[in-house]
1. Regarding the protein assembly as shown, what whole-number volume in Å³ per residue does the convex hull of its Cα atoms give?
2. Under the 0.36 nm per residue contour assumption, what length would be gained going from the current alpha-carbon distance of B:Leu156 and B:Glu37 to full extension?
3. Calculate what fraction, in whole %, of the accessible area of chain A sits on carbon and sulfur atoms when a 1.4 Å probe is rolled over the protein chains.
4. Using a/c under 1.5 as the rounded threshold, could you call the stretch A:26-236 rounded, prolate or oblate? The axes a ≥ b ≥ c are square roots of the C-alpha gyration tensor eigenvalues, and prolate needs a/b larger than b/c, oblate otherwise.
5. Name the residues whose placed amide hydrogens come within less than 5 Å of the amide hydrogen of A:Arg59, ignoring near sequence neighbours (fewer than 5 apart) on the same chain.
6. When a/c is below 1.5 the answer is rounded, else prolate if a/b is larger than b/c, else oblate, so apply that to the stretch A:9-99 with a ≥ b ≥ c taken from the square roots of the Cα gyration tensor eigenvalues.
7. Which of the residue pairs A:Lys83/B:Lys13; A:Lys83/A:Lys156; B:Lys95/B:Lys148; A:Lys388/A:Lys412; A:Lys317/A:Lys412; A:Lys98/B:Lys109 have a Cα-Cα distance greater than 18 Å in the structure shown?
8. Counting just the Cα atoms, what span does the stretch A:345-425 cover along each of its three principal axes? Round to the nearest Å and put the largest first.
Amino acid sequence: MLYNEPSPLETKVLSRRFGAPNSASIDTYLADQGYQAFRKAAGMKPEEIIEQVKISNLRGRGGAGFPTGMKWSFVPRTSPKPKYIVVNGDESEPGTCKDRVLIENDPHQLIEGVLIAGLAVDAHAGYVYIRGEYRYLIEVMEKAIGEAYAKGWLGKNIQGTGFDFDLYAHSGAGAYECGEESALLESLEGKRGIPRIRPPFPAVVGAFQCPTVLNNVETYCAVPAIIRDGGAAFAALGVPKAGGTKMTCLTGNINKPGVYELRLGFPVAQMIEEVGGGIPRGRRLKAMIPGGSSCPVLTAKECEGATMDYDSMSARKTMLGSGGVIVMDDQTCMVKALMRIIRFYAHESCGWCIPCREGTTWLRKILVRFHEGGGTRSDIDLIGDIGKNMLGRTFCPLGDAAAMPTISFVEKFREEFEDHLAGKPCPYEHADHGIEVLSLSR
Amino acid sequence: MTFSPQLEARFEKLLKSYPPGRQRSALVPMLLYAQDEVGSMTDELIDEVAQRVGVTPLQVNEVLSYYSMLHRKPMGKYHVQICTNISCLLNDGDKLWEHACKRLGIGNKEVTPDGQVSLEEVECMGACSWAPAIQVNYDFHHFITPEKLDQLLDSLTKKQ
Ligand SMILES: Cc1cc2nc3c(=O)[nH]c(=O)nc-3n(C[C@H](O)[C@H](O)[C@H](O)COP(=O)(O)O)c2cc1C
Ligand code: FES
């Protein structure tokens, strides 16, 4: 089911079957070139598959943007150990809701991407790790897996190619940190989601101590198109160093929120004004977070001329991240926004390393007090300093995910923090909201 | 401890989904599915699952305390989870939360005296583009206003 109207400005590659009747069924998939890319890949050498993925300039869609072809090439193909394909469907970065629509509307595209990854690295089993809250998607996935077995697209000797592959859906049970690749692997092994020290990276020592390819749902979903139409065609959809499209989640203060597939390099202004229909109630843009709440925030001015791709975002010292765009209008209280973001990271810190556990907790306490009107001038620098002391010093990047918004909010919206010093609760609350309630201070 | 045939079948399938000697991998999904049937993580349930996957009850406890969806206390028949994270907040998710607390007279992770409804303020549930969003048990409800929430609660409590 689709939850928003598509936009004519979309470039539909991964989402091309969305909206078709029974788009999740194997028959719909097979009728529309489904599993043809697998057939093609089965006739290619593994190096050729990886080469096409490299040519496509596909970069990981889970947040870090690591080149996928390169990641696959790190797997020691000739290792005597079994190899595994793991799908990261933990999708918990605030602002992000795209893997959900990919699985719901076209699970076979994901299965085909996984199979091709299996061919590339000589893996014969895979796991789709789906966050526990997405129970209905476990059912969608299990149904699709069942169909694929029934029609010979999973199991032994798939379509007479001699290639065997088994796929399983695996449920999480509520933990953002389990989206971090090594914590996910711990969780998959029935443990607390505490990250592992790296190196070794999962490509060498991953699931069950074996070489593992671990990618985001959207990353695998791009693979069938790459093999079917060639890496170069996919690359041409994007910008020079990043190929293809990005499932982009427009959220926050926007007239037409939704998940849209936009080519990489899509202009931010056009995305907000035309795809998203602009900002409600005639308000203006104050700020935007481009790729989930862990990315540094951009001011309206910084959004000018920006495009949705890795380079344009890194030139602005932020990230394309997961594609979760959070639009904030001119009535947004940036202190409150940061406080809520930090409450999340404090709640989700796994507690393993001190800079993250203590840092997020301090930040939360200070920001809650600050927003309620109990802040002091020195708190403003303290907030920024705690962020800077966490950055790069935590065991896994969850600490950075909390530090990056913190540092950028304080730097770019310092005057809003100063406006909270008058000793009374938030001066920025929307006029039409009536009195402020302190529910967020738990 | 006995479970429904559906749950037994699920356990059997799960235990076969991982490499030999790796039954522990089934632990997290098994706990969640079992909780759905039993209502909460009872001592008896912990012992049973521990035995089935071959770990100690202490190890199960250690794991379950990490995951936010697993809980030792029973929740209501309808567990209403309201997201107040950033994309929902920008669409008045916090006001919705406040409204729900007032209407039900309960707070976070509390249950109405008749055991029907419980409330939880939750983190991003992956419905950010259709905010504010809530989940009642596993069902998503998008674009929820206080009025829509009232109607939903009315219809749930009437169903009993
Ligand atoms: C705290 C934390 C949470 C993460 N959550 C997710 C997630 O929910 N989904 C995801 O695909 N990647 C997530 N990642 C990134 C993964 O660690 C990993 O880089 C990614 O799944 C690799 O796939 P890709 O190369 O296809 O992006 C997270 C990282 C961190 C540090
Ligand atoms: S922020 Fe509420 S569902 Fe993502």
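The values are calculated or read from the model by the stated rules, or taken from the named source; none is laboratory data. This is a predicted model, so every value here is computed, not measured. When we count neighbours, we look across all protein chains shown, and the Cβ atoms used for this are built from the backbone with ideal geometry, even at glycine. Just the protein is used for accessible areas: all its heavy atoms, side chains included, with ligands, DNA and RNA removed. Shrake-Rupley method; radii C 1.70, N 1.55, O 1.52, S 1.80 Å.
1. Taking the convex hull of the Cα positions in the protein assembly as shown, it is 146 Å³ per residue.
2. Separation in residues times 0.36 nm, less the Cα-Cα distance, equals 40.9 nm.
3. 55
4. Rounded, since a/c falls under 1.5.
5. Long-range HN contacts for A:Arg59: A:Thr68, A:Gly243.
6. Oblate shape, in that a/c is at least 1.5 and b/c is the bigger or equal ratio.
7. A:Lys83/B:Lys13; A:Lys98/B:Lys109
8. Dimensions of the stretch A:345-425 along the principal axes of its Cα atoms: 38, 21, 16 Å.
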